[in-house]
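The values are calculated or read from the model by the stated rules, or taken from the named source; none is laboratory data. In this text, all values refer to a predicted model and were calculated from it rather than measured experimentally. Glycine also receives a Cβ, built like all others from the backbone with ideal geometry; neighbour counts cover every protein chain displayed. What goes into the accessible areas is simple: the full protein's heavy atoms, side chains included, and nothing from ligands, DNA or RNA. Shrake-Rupley method; radii C 1.70, N 1.55, O 1.52, S 1.80 Å.
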Amino acid sequence: EAEALSLLETVLTSDAAETHVYISNLKSQLQAETDPRLQARILRDLTMSLSDISNLPDLRMMMEKAEELAVLLPDQQQQLFLYAELAQAIEHHVLGDFQKMEQSFRQAKRLVAGLAPLSQYFVAVMEAATSADPADTINSLLFVIQETEALPHTPEGQKMRLVGYSILGYIYSNIGEIAPLLRY
């Protein structure tokens, strides 16, 4: 109980860390920014954040923006298409179309094959978070715990670690395990 109250106090006093505020700030930055390369960076952070709240209009906007930027940035095309595919997988998950979700994840895995390990990690943890099979949930937990701890201690690694911890909290909340939920 003390751990929950401590976490609640931290969350309530930290407006800037609130997901909806952060997403709103990212969307404003995305609209104000004119450099496509900086827009692509903002879009990456938006992809990570939108995975937490699954807002369908924002996911659709993100897919369209990623596809638009992919035309402008051929050297980042694969990464941008990956963002669009992940947003689509999350959208299918929210709508309950699990076959299409699995197709989107298969496509994301093909896209990520030639990208950095952190991108591969991101796809894997996003897939773990959307698993509906209880046996997969246990395997997902083990995978995310091991891989999250093995991430590099770089700014990019820390961002991915935050995603991993969020997903661990989400998985634990789905199986009713409060102590690990609070820890992550």
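Checking each residue in the range 143-184 for being polar (S, T, N, Q) and surrounded by fewer than 17 Cβ atoms within 10 Å (Cβ to Cβ) picks out 146, 154, 158, 173, 174.
When the range 16-46 is filtered for residues that are of a type in the set (Val, Ile, Thr) and open to solvent by 70 Å² or more (accessible area, probe 1.4 Å), only 34 remains. From the list 95, 115, the lone residue that is open to solvent by 60 Å² or more (accessible area, probe 1.4 Å) and out of contact with any strand residue (DSSP E or B) (no Cβ under 9 Å at 6 or more places or on another chain) is 95.
To keep it simple, each residue is scored yes or no on (1) at pLDDT 85 or above; (2) not basic (Lys, Arg).
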{"residue": "101", "(1), (2)": "yes, yes"}
{"residue": "107", "(1), (2)": "yes, yes"}
{"residue": "110", "(1), (2)": "yes, no"}
{"residue": "115", "(1), (2)": "no, yes"}
{"residue": "128", "(1), (2)": "no, yes"}
{"residue": "133", "(1), (2)": "no, yes"}
{"residue": "137", "(1), (2)": "no, yes"}
{"residue": "141", "(1), (2)": "no, yes"}
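When the range 19-45 is limited to residues that are at pLDDT below 85 and within 15 Å of the chain's Cα centre (by Cα), the one that is nearest to residue 174 (Cα to Cα) turns out to be 19.
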